[in-house]
Amino acid sequence: MKGTHEYEDDPRNATILININGQLVPRAEAMVSVFDSGFILGDGVWEGLRVHKGKIAFLGEHLDRLYEGAKALDMDIGVARSEMTERLYETLSANSMQEGVHIRLMVTRGIKATPYQDPRVTISPATIVIIPEFKRALPETSDRGIRLFTVHVRRGYPDVQDQKLNSHSKINCITACIQAAKAGADEALMLDPHGFVATCNSTHFFIVRQGEVWTSTGDFCLGGITRGNVIRLCDENGITVRQKNFSLTDVYGASEAFVTGTFAGLCPVKEVDGRMIGEGSKGPMVTRLQALYLDLIEREVSA
């Protein structure tokens, strides 16, 4: 299993059209330069998007994060939000995509004159790639849950690498994922520099204790769109939710745990570091929040 990102293979993806700088290109021919900033340096920002009933869910929030990330990197995307939205929907239309679709939107600084980190040797506008795929999370993932392993790789201080940036530079998350996989787990649970629970390598982490939902302070993790929506759903539905520091001892003794992400939504966690969480199966809080989240998506795309 590959955690919450396990998916059903779809043969239609072999012939999809990919949008590269506004041009639709068959998958087999979709390429970027070896001098591209993203390839050479991981210099770029990206978003993962879900499509439901022909609509991109929470697109406004995702574009906020994309453009804020680019501004933080002093990167000119060169395309207004309205045009980016048009490109996304044109790409969906060209592929006749309405449901069960995941989009990877990637923006890099552009092509370099030479392989070097200085942004001033960039000689082209930003590279913008939109990859849409027919991709559904495995249904059993949201029921049977995943196993986590706490890794030695920490979520660092913002003066080293700001975890708020959804950048292409994900080496800390990759090394965390490798360690968890070597330990036989599905995903990595990562601590902050103080030893408190922060987040997972590709999802956000929550626990349930005495009817309350706890998640990290958010100081050392990406500003997750699904994470924020779950916190909002708790507030709107009378569920006490706390963003606070907590330790692995709190995790091991939790009645439930779950992770959130754009691709799979809410997914229960059945085991952390070999300790069964609660009864080792999906609990009532996760069941309720999954239903509330699905209803939120319906309202979002109908608005």
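Identify, please: which residue in region 227-251 is free of Cβ contacts under 8 Å to residues at least 40 places away in the same chain and assigned to a helix (DSSP H, G or I) and is, among those, surrounded by the most Cβ atoms within 10 Å (Cβ to Cβ)? Within region 227-251, the match that is surrounded by the most Cβ atoms within 10 Å (Cβ to Cβ) is ARG227.
Looking at region 74-86, can you tell me whether even one residue there is among the charged types (D, E, K, R), touching a helix residue (DSSP H, G or I) at 6+ places or on another chain (Cβ under 8 Å), touching a residue at least 40 places away in the same chain (Cβ under 8 Å) and surrounded by fewer than 15 Cβ atoms within 10 Å (Cβ to Cβ)? Please lay out each step first, then the result.
Quick first cut of region 74-86, residues among the charged types (D, E, K, R) only: 74, 76, 81, 83, 86.
Narrowing the set further to residues that are touching a helix residue (DSSP H, G or I) at 6+ places or on another chain (Cβ under 8 Å) leaves 74, 76, 81.
Keeping just the survivors that are touching a residue at least 40 places away in the same chain (Cβ under 8 Å) gives 74, 76.
When the remaining residues are screened for being surrounded by fewer than 15 Cβ atoms within 10 Å (Cβ to Cβ), the result is 74, 76.
Yes, that holds for at least one residue.
The C-beta contact set for region 282-303 (first residue at negative phi and in the same structural domain as VAL269 (by TED's automatic domain parsing), second residue part of a helix (DSSP H, G or I) and aromatic (Phe, Trp, Tyr), distance under 6 angstrom, 6+ apart or interchain) is empty. The sole residue among LYS135, LYS112 that is more than 23 Å from the chain's Cα centre (by Cα), of a type in the set (D, E, K, R) and buried (at least 18 other Cβ atoms within 10 Å of the Cβ) is LYS112. Taken as a whole, region 25-36 holds at least one residue that is of a type in the set (S, T, N, Q) and either surrounded by fewer than 18 Cβ atoms within 10 Å (Cβ to Cβ) or without any contact (Cβ under 8 Å) to a residue 12 or more places away in the chain (or both).
Being at pLDDT below 95 and not aromatic (Phe, Trp, Tyr) narrows it down to one of GLY110, GLY69, GLY60, GLY100, so name that one. Before you say what the answer is, go through the steps one by one.
Working: GLY110 fails: at pLDDT below 95; GLY69 fails: at pLDDT below 95; GLY60 fails: at pLDDT below 95.
GLY100 is the lone residue from the list that is at pLDDT below 95 and not aromatic (Phe, Trp, Tyr).
If only one of LEU289, LEU222 is closer than 23 Å to HIS102 by Cα and in a helix (DSSP H, G or I), which one is it? Steps first, please.
Numbers: LEU222 fails: in a helix (DSSP H, G or I).
Of the residues listed, the single one that is closer than 23 Å to HIS102 by Cα and in a helix (DSSP H, G or I) is LEU289.
Just one of (1) outside any loop (DSSP other than H, G, I, E, B); (2) in contact (Cβ under 8 Å) with a residue 24 or more places away in the chain fails for ARG120. It is (2).
Scanning region 51-72 for residues that are part of a loop (DSSP other than H, G, I, E, B), among the charged types (D, E, K, R) and more than 19 Å from the chain's Cα centre (by Cα) turns up at least one hit.
The values are calculated or read from the model by the stated rules, or taken from the named source; none is laboratory data. Model, not experiment: these values are computed from the prediction. All Cβ positions, glycine included, derive from the backbone under ideal geometry; neighbour counts span all protein chains shown.
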